[in-house]
Amino acid sequence: MAPLNPYTYIQCPCSDSASLGRPSDATSPTSADGDEEDNAFDPRAPRANFSLYPLEYLLYCEDCHQIRCPRCITEEIATYFCPSCLFEVPSSNLKSEGNRCTRSCFQCPICIGPLSVTSIEAPPSDPSLLVPDRAGTPHTTYSLICSYCSWSSTEIGIQFDKPNSIHAQLAKIRNGGASRLTAKERKERRKELSHRGGEAALAASSEAAAGQDMDLETQFANLKLFYNSQLADPNAGDNGFSSLGDLGFSSPSSLSRIMNLYTGGKLHDPRAKSKLGAMREAITADEGLLETDLDESSLITQLHQSDFLDTASSTQICSQPPNLGETYIYGAARFNSSLRPVPYLLRTKRSKRCPVCRHIISKPEAKVQTTRFRIRLVAGSYIPSITIRRLNLPGPNGPAAPAILGDLLEPLKPVHFVLTFKNPIFESLKVTLGAPAKTPGRFPSKVTVLCPQFDIDANTDVWDEALKENDRESSGRSRRRAGTESQFQVEVGKIWERGRNWVSIIVEVVPASLKLEPGRDVLKQDEDVLEIPMFVRIEWEAEGGGDDAASGTGRDKDQKEKKELAYWCVLGLGRIKQG
Amino acid sequence: MSSKRHSILPAVSAGPKPPVHFSSSITIAESALLTGTNLITISSESVIHPRAKLDSLAGRITIGRRCVVHERTMIGAIGTSGKVTEQAVTLGDYATVEVAASIEAGNTIIGEGTTVGVGSKVGAGAVIGKHCTLTPHTEVPAGEVIPDFTVIYSNGMRRIDKRGVADLKNKGQARQIDVLRRMIPTNPAKFA
Ligand SMILES: [Zn+2]
Ligand SMILES: [Zn+2]
Ligand SMILES: [Zn+2]
Ligand SMILES: [Zn+2]
């Protein structure tokens, strides 16, 4: 079994719905004896998993004086950027261009490796000729190449004329190299034709559309155009004032459409209904009708000729970006040979707010290249950290064996753990601990906190302290280090060790015996881990007026305001030996 | 440095000195390790990096033209079978064996222009085709036959390289060798 390193998890108070949003108050226990045992936090409860976090994961709201975990903060997106080129994408572009990089950053559709643009030089026909007979250098094209799996965009018949703005070029190229018109271009072309006017031009355009394979974008555009004209047409027949203009805001059809938008389409204008009835469906490709191609024989033969590795996996298909140039919705990429390069998905930098007071708790630097934060209120700089060390006291018969972390705990044999609380703030802390006398669960271990109440000195300047050290050396503190551990007795109510901004105390634990009734039950996963819930309550004096806890040395004591914070944490001490 | 290393590892340096057949244009670092009892042939313009190990105990080792054998590679490792064959390992022209790759002995063939990636393992008797790429940490089982232009990537997935850049790669290899010859002091006499 893997050795277990001692750990401390802190329960975010947000999981307790009663205390959400305000500092917990009257419920906090003040002593370690039984009265809080009935509502003690059970670290093994199924819900506990969702509220326990290491200290490093937690943030802190200075205004609410409360811990904030990833579940109880609101996030706001500060910047969108491409993880490949680190280009910041304005959020206005997202709506129009989607959440992928629109420059030249692509991932390999086969192996997700980054693709690089490489030039394909056509071999010069006659290298001895210094002056090529054709104008300029031989035509250079570019392809995207994966340096890991050697995939190349030439495999799907795609080459580019320019080494930059690959995204725009790719949108115009079908697999196989045939070019296609983007929606904008098609619109322009249509406009051009209608300007020229005449039936002949329109006929020509419809012919062109039929000649070109209908892709998703074309079909949608055709359908939209068709329905728009249909919505306008019956109106013209019914009403006399249609000549006033169908596109104006005052036209009844526009009005009814707008009304439908607001009413969610439920309350239909009876007139609109009758109009809808008069509409017909698309009947030609030009109007957006697409016949289903039921003949899949070519696909089947292709499948026959290929093996399993030639077909695209579901992850590969899922990672494919929506391709508006796809011929039709049936027969989406099934073979590796039809997968297209995947433009990088954009990432975000987010700032975090307290959901209660709306203050910003964490705000990254807006520039993509910097990893610094402008504001970052981590819990570690507000609440004491707890570290656990096992203490091996000498037994009556001989010196102690060195304590090894991860050692199994002997059942029913008292063990001592040194808990070191380190104060990160510039005020001295008053700490009160509470732990149930028996751990919850099927195998209750006995827990005694030998010193449940103590003060920790402020986190003052290290150098100030170093200068003061000499005076202290003679008094209380030095006595700890003077002798070896064996000379020390574990005393109830006494601090074990004290330093500049830290205090160590002893917790005595009698691990439960993991004896199971034979044949009745089995040990559940991690049931042998000795975890003790502990209620921590800290009190300190902050400067009044809600100001941050600054170095309050020269300030008037009267202005100080008493603050307190209380939370549950779980100390994982080790595994209990079985059998 | 290298002499020190030999004294620390007497078991390695005490191996039999194999008969060698070197082209005059090869580059072989002094600290390369050549052991075994069978002939080791290295053809023209190939480069053997320092601390590459070639072991001909299980048969002859033949390295083609313009090959690059990187550091800490093990060519001719006696595999689990321990069989001795006439030809242990053959590297085709323009083959590259990258750092810490190992190629087991036993009629193993690496084709022309093939790259055996960092830390890869090629089992005994495997035949790897021309212009293949074994990406780092690929393992080719013993006796496997890999067709030409295969790319083995991501835990054994395979595909065919259709870029058609074999000639370009060979040209690149030649250019790289030009640089390496200037960087690596050669001492073929040590092995003669
Ligand atoms: Zn929370
Ligand atoms: Zn990008
Ligand atoms: Zn790839
Ligand atoms: Zn707040």
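Applying the condition of being at pLDDT 90 or above and outside any loop (DSSP other than H, G, I, E, B) to the stretch A:39-64 and asking which residue is farthest from A:P436 (Cα to Cα) yields A:C61. Would you mind stating whether A:F373 is of a type outside the set (S, T, Y), within 14 Å of chain B (Cβ to nearest Cβ) and surrounded by fewer than 16 Cβ atoms within 10 Å (Cβ to Cβ)? Considered against the rule, which asks whether it is of a type outside the set (S, T, Y), within 14 Å of chain B (Cβ to nearest Cβ) and surrounded by fewer than 16 Cβ atoms within 10 Å (Cβ to Cβ), A:F373 comes out as no. Restricting attention to the stretch A:84-116, the residues that are open to solvent by 40 Å² or more (accessible area, probe 1.4 Å), more than 24 Å from the chain's Cα centre (by Cα) and within 14 Å of chain B (Cβ to nearest Cβ) total 1.
The single residue among B:A126, B:A142, B:A100, B:A105 that is in contact with a Ser or Thr (Cβ under 6 Å, 6 or more places away or on another chain) and either away from every other protein chain (no Cβ under 14 Å) or buried (at least 24 other Cβ atoms within 10 Å of the Cβ) (or both) turns out to be B:A126. Kindly provide the set of residues from the stretch A:501-550 that are open to solvent by 20 Å² or more (accessible area, probe 1.4 Å), under 24 Å from A:S381 (Cα atoms) and at pLDDT below 85, ordered by number. The answer is A:G544, A:G545, A:G546, A:D547, A:D548, A:A549, A:A550.
So which residues in the stretch A:66-77 are surrounded by fewer than 17 Cβ atoms within 10 Å (Cβ to Cβ) and either within 11 Å of A:P13 (Cβ to Cβ) or away from ligand 4 (no atom under 14 Å from the Cβ) (or both)? Of everything in the stretch A:66-77, those that are surrounded by fewer than 17 Cβ atoms within 10 Å (Cβ to Cβ) and either within 11 Å of A:P13 (Cβ to Cβ) or away from ligand 4 (no atom under 14 Å from the Cβ) (or both) turn out to be A:P70, A:R71, A:E75, A:E76, A:I77. If you go through the stretch A:126-154 and keep only what is at pLDDT 90 or above and either acidic (D, E) or closer than 14 Å to A:P343 by Cβ (or both), you end up with A:L144, A:S153.
The residue list A:L86, A:L94 contains one member that is part of a loop (DSSP other than H, G, I, E, B), more than 20 Å from A:Q316 (Cα to Cα), of a type in the set (A, V, I, L, M) and more than 16 Å from ligand 1 (Cβ to nearest atom), which is A:L86.
For every residue, the table says whether it meets (1) open to solvent by 30 Å² or more (accessible area, probe 1.4 Å); (2) away from every other protein chain (no Cβ under 12 Å); (3) in contact with a Leu (Cβ under 8 Å, 6 or more places away or on another chain).
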{"site": "B:H131", "(1), (2), (3)": "no, no, no"}
{"site": "B:Y153", "(1), (2), (3)": "no, no, no"}
{"site": "B:L168", "(1), (2), (3)": "yes, no, no"}
{"site": "B:A174", "(1), (2), (3)": "no, yes, no"}
{"site": "B:I177", "(1), (2), (3)": "no, yes, no"}
{"site": "B:K190", "(1), (2), (3)": "yes, yes, no"}
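The values are calculated or read from the model by the stated rules, or taken from the named source; none is laboratory data. Owing to the predicted nature of the structure, the values given are computational and were not obtained by experimental measurement. Note: ideal-geometry Cβ built from the backbone for every residue, glycine included; neighbour counts use all protein chains shown. The accessibility values were calculated without ligands, DNA or RNA, using every heavy atom of the protein model including side chains. Shrake-Rupley method; radii C 1.70, N 1.55, O 1.52, S 1.80 Å.
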